[in-house]
1. How big is segment 242-307 along each principal axis, measuring the range of its Cα positions in Å and listing the largest first?
2. Please give the FRET efficiency for GLU102 paired with ALA232, using the beta carbon to beta carbon distance and R0 = 22 Å, rounded to the nearest 0.05.
3. If eta is 1.306 mPa s and T is 10 °C, what Stokes-Einstein diffusion coefficient results for segment 173-297, Kirkwood Rh from Cα pairs, in µm²/s?
4. Sticking with the crude label model, points 7 Å out along Cα→Cβ, report the distance from SER132 to GLU286 in nm, one decimal please.
5. For LYS269 and ASP120, what does the FRET efficiency come to when R0 = 22 Å and r is the distance between their Cβ atoms, rounded to the nearest 0.05?
6. Calculate one ³J(HN,Hα) per residue across segment 200-214 by plugging θ = phi - 60° into the Karplus curve 6.51 cos²θ - 1.76 cosθ + 1.60, and present them in order as whole Hz with x for glycine and proline.
7. What's the long-distance tail for segment 82-170, i.e. % of Cα pairs beyond 21 Å?
8. Starting from the exponent 0.38 and prefactor 2.2 Å, build the expected Rg for segment 1-82 from its residue count and divide its actual Cα Rg by it.
Amino acid sequence: MIYLDNNATTPIDPKVSEKMSQFLKEHFGNPSSLYPIGREVKEIITKARKVIAIALGASRTEIIFTGSGTEADNFALFGVLDAFPEKNEIITSSIEHPAVLETANYLEKKDVKVTYVPVDQYGTIDLDFLKSSITPKTSLISIMHANNELGTIQPIEAISKIAREKGVLLHTDAVQSFGKIDFKVKNLGVDLLSISAHKIYGPKGIGALYIRKGTNIKPFIHGGHQERQIRAGTENTSGIVGFGEAVRLLIEQGKKDKERIEKLAKRLKEGIESKIPKVKFNGHPENRIKGTLNFSFMGLEAEAILLALATKEIYVSTGSACSEDSEEVSHVLQAIGLKPEIARTSIRMSLGRFNTEEDIDTVLRELPEIIEKLREISAIDIDEE
Ligand code: PLP
């Protein structure tokens with residue numbers, strides 16, 4: 001199998017699953033319990049929290065565990081709006097993940113004014129538009145760090161300067177950038193930042209929200225005293241252990257992984273561009289997560305390419321994993337100005353830690369053949385486009 005859908009999810013690293021299964025065998029205590037078997041688990045959670053805080057350049061108390069990246073995003077938006085009842089305006093972008101976009105849509109129905117900042121042809125947001133959208137009633141700006149479909153990286157530091165000048169809080173969805181871009185929360189200048197374990201070779205169903213100390217935010221899940229009383233519920237202890245180990249591995253080998261992935265992706269990109277006619281690369285040429293490659297293959301349906309590749313056990317995506325089964329054309333590709341008929345021809349390949357040189361060789365052998373065959377039987381005349 002050749003797995004090229006690492007932006008959808010990553011395979012769990014064997015060291016992570018090992019650590020989790022050992023934990024599950026040895027510990028069942030509730031971290032809120034005061035006797036030793038509870039205390040031990042509490043300490044283990046604290047260690048994982050510390051590792052994640054170190055990786056982000058944050059302090060331990062600034063990390064709140066959530067049930068997913070999606071929950072972290074929801075927490076940021078709802079939590080801030082709840083804290084500022086008199087400021088019911090937020091600003092986001094047109095290319096956010098549904099975790100933010102659908103939440104913003106929902107909030108609009110609850111009388112929150114949402115401004116969606118447009119992007120250019122590469123998927124970079126319009127900073128002037130953003131700046132001019134801020135009003136005295138704006139409580140939060142939420143702009144993703146790196147886009148899941150294109151890999152394009154947003155100028156979060158510049159947005160942070162604008163947000164600070166205007167006294168507006170800044171959240172970034174760093175689910176795709178964490179582990180792929182070297183950053184620290186202080187340098188980005190954000191108040192809130194979302195991450196998720198299953199994008200970094202950790203388990204599914206565990207994420208975290210970084211909340212800068214002193215940030216005014218209301219509790220998101222009400223109940224017990226867990227997570228500083230702002231995200232109640234008995235902790236996903238084994239998930240947290242796995243998350244901590246995944247982040248420890250990032251600290252240990254993230255730089256080496258990144259260099260290797262970038263080299264492989266460069267070879268794959270250049271190979272596709274030289275071997276396949278009528279392809280269009282989508283995303284920023286430089287300012288992007290290099291392991292994410294999005295191509296339009298003129299004249300073809302992306303699903304047909306995806307299925308043909310799947311018969312060779314090569315797995316890619318037609319865009320965001322969450323919209324895979326919907327008929328909708330990717331909102332991201334539309335936002336960068338692709339016509340729906342071009343957007344429908346687009347495939348995303350996202351590389352990860354476990355991809356090899358042989359994977360790239362195989363794809364560069366199989367893909368041109370598949371495209372050629374599909375174009376032979378395709379009814380669409382690509383020269384017309
Ligand atoms: N934000 C971005 C940019 C993502 O790519 C994803 C996952 O696809 C999420 C949020 C949601 O994370 P999770 O799957 O942990 O809910």
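Each value in this text was obtained by applying a stated rule to the coordinates, not by laboratory testing. Quantities reported herein were computed from a predicted structural model and do not represent experimental measurements. Because the Cβ atoms are built from the backbone with ideal geometry, glycine has one as well, and the counts that use them run over all protein chains shown.
1. For segment 242-307, the Cα extents along the three principal axes come out at 45, 24, 19 Å.
2. On the way: r = 23 Å, r/R0 = 1.06.
About 0.40, to the nearest 0.05.
3. Details: Rh = 17.2 Å.
My calculation gives 93 µm²/s for D.
4. Distance between label points: 2.7 nm.
5. On the way: r = 21 Å, r/R0 = 0.93.
Computed FRET efficiency for LYS269 and ASP120: 0.60.
6. 10, 6, x, x, 7, x, 9, x, 8, 10, 7, 10, 4, 3, x
7. Working: 1010 of 3916 pairs.
For segment 82-170, the share of Cα pairs beyond 21 Å comes to 26 percent.
8. Values: Rg = 16.1 Å, N = 82, 2.2 N^0.38 = 11.7 Å.
Taking the Cα Rg and dividing by 2.2 N^0.38 Å, one obtains 1.37.
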